Amino acid sequence: DSTAGIGTITFYNPENSSLAALGHPITDVDTNEIMPILNGEAVKANVTKIYKSTDGEAGSLSCDFTNEAIGSLSVNSKCGIYGKYQCALSDKRLYKVANSQEVEKGSAQILCTVDEKGPQLYDVEITRISYRENNDEKNMVVKVTDKNLLEKTGGIVQGMSGSPIIQNGMLVGALTHVIVDNPEKGYAIFAEKMMQQSEEIK
C-alpha cells in the first residue's frame with residue numbers, strides 16, 4: 001500500500017549519511033500497528049496553509065509536495081522514520097546531541113517550518129521529563145511560549161512532528177504529539193533515542 005504524509009526532518013547524521021524524522025512511527029489507522037516500509041522517499045514540501053489547533057481539536061499544516069527528493073526511507077520504528085539522505089548539507093548547522101541526563105526543565109527552542117520563511121526558531125518550555133524505558137515517544141512535555149507561533153498555529157499542529165528541540169546549544173529532542181485538550185503543549189522524544197536508531201541505518 002502507498003501512503004504519504006507531512007512531517008519534519010529532525011536531523012541528518014553525517015557519520016553514516018542517515019536522516020531521521022517524526023520521532024514517532026507511521027501506524028495503520030485501523031490496527032494502530034507500525035507499518036513496515038519496503039521503500040519510500042522523503043521529498044521537500046511547501047507550506048500552503050495552516051489550520052490552527054484549538055482546545056479539543058488538533059490543527060495541521062497543509063503542504064504541496066515537490067519533486068525534489070531529500071532522501072530514501074527504509075525504517076519505520078517506535079522512534080520515528082529513518083533512511084539515507086541525498087541532499088547537500090552546506091547550509092545546515094551542526095549540533096551536539098545531548099544525552100537524556102543533560103536535558104533540563106526550563107526554556108528551550110523548537111526549529112520548525114510553518115510558512116514560506118522556512119525553518120525558524122520559536123521559544124518553548126520543557127515542563128516535564130520522564131526516563132521510563134517504555135515511554136518511547138513521550139519523554140518530555142513541551143509548552144509553546146512563543147507568541148508568534150501561538151498566533152500562527154495555536155500551538156502544536158500535525159506536520160510539526162519531528163521538529164528539533166534545542167537547549168543549551170544542543171539537540172535534546174523532537175516534538176512527537178500534540179496534547180489535543182491543550183494544544184499549546186505536546187510530547188517529545190529524547191534526541192539520544194533517535195540518534196541511536198539512526199546509527200543502525202545501513
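Points to keep in mind about this one:
- Charge sum, other residues only, whose C-beta stays under 11 Å from R128's C-beta, Lys/Arg counted +1 and Asp/Glu -1: +3
- Placing a pseudo-label 7 Å from each Cα along the Cα-to-Cβ vector at E57 and Q120 gives an inter-label distance of 2.4 nm.
- Cα principal axis extents for segment 85-196, largest first, Å: 38, 38, 23
- Working from label points 7 Å from Cα in the Cα-to-Cβ sense, the Q101 to C87 distance is 3.5 nm.
- For segment 69-84, 3J(HN,Hα) computed residue by residue from phi via the Karplus equation (6.51, -1.76, 1.60; θ = phi - 60°) reads 6, 8, x, 9, 10, 9, 10, 10, 10, 4, 9, x, 10, 9, x, 10 Hz, glycine and proline entered as x.
- In a reduced charge model with +1 at each Lys and Arg Cβ and -1 at each Asp and Glu Cβ, segment 18-79 shows a dipole moment near 240 debye about its Cα centre.
- From phi via Karplus (6.51, -1.76, 1.60), per-residue ³J(HN,Hα) for segment 21-33 in Hz, x at Gly/Pro: 8, 6, x, 9, x, 8, 10, 5, 5, 8, 9, 6, 8
- Net dipole in debye of the chain [+1 Lys, Arg Cβ; -1 Asp, Glu Cβ; about Cα centre; nearest 20]: 440 debye
- Sum of side-chain charges, F65 neighbourhood, beta-carbon under 15 Å (Lys, Arg +1; Asp, Glu -1): -1
- Qualifying trypsin sites (Lys or Arg not before Pro) in segment 97-132, DSSP loop, other Cβ atoms within 10 Å at most 15: K105, K117, R132
- Residues with amide H under 5 Å from that of F11, placed H, sequence gap 5 or more: A20
- A simple count of charges around G155, restricted to other residues whose Cβ falls under 15 Å of its Cβ and scoring Lys, Arg +1 and Asp, Glu -1, yields -3.
- By the compact-protein rule of thumb, 2.2 N^0.38 Å, the alpha-carbon radius of gyration of the chain corresponds to a ratio of 0.95.
- Accessible area per residue was computed with a 1.4 Å probe on protein heavy atoms; S130 scores about 20 Å².
- Working note: Karplus 6.51/-1.76/1.60 with θ = phi - 60° gives segment 157-165 the couplings 10, 4, x, 8, 4, x, 4, x, 10 Hz, where Gly and Pro are set to x.
The values are calculated or read from the model by the stated rules, or taken from the named source; none is laboratory data. Quick caveat: nothing in here was measured; it's all calculated off a predicted structure. We place every Cβ from the backbone using ideal geometry, glycine too, and count neighbours over all the protein chains shown. Note: areas computed on protein heavy atoms with side chains; ligands, DNA, RNA excluded. Shrake-Rupley method; radii C 1.70, N 1.55, O 1.52, S 1.80 Å.
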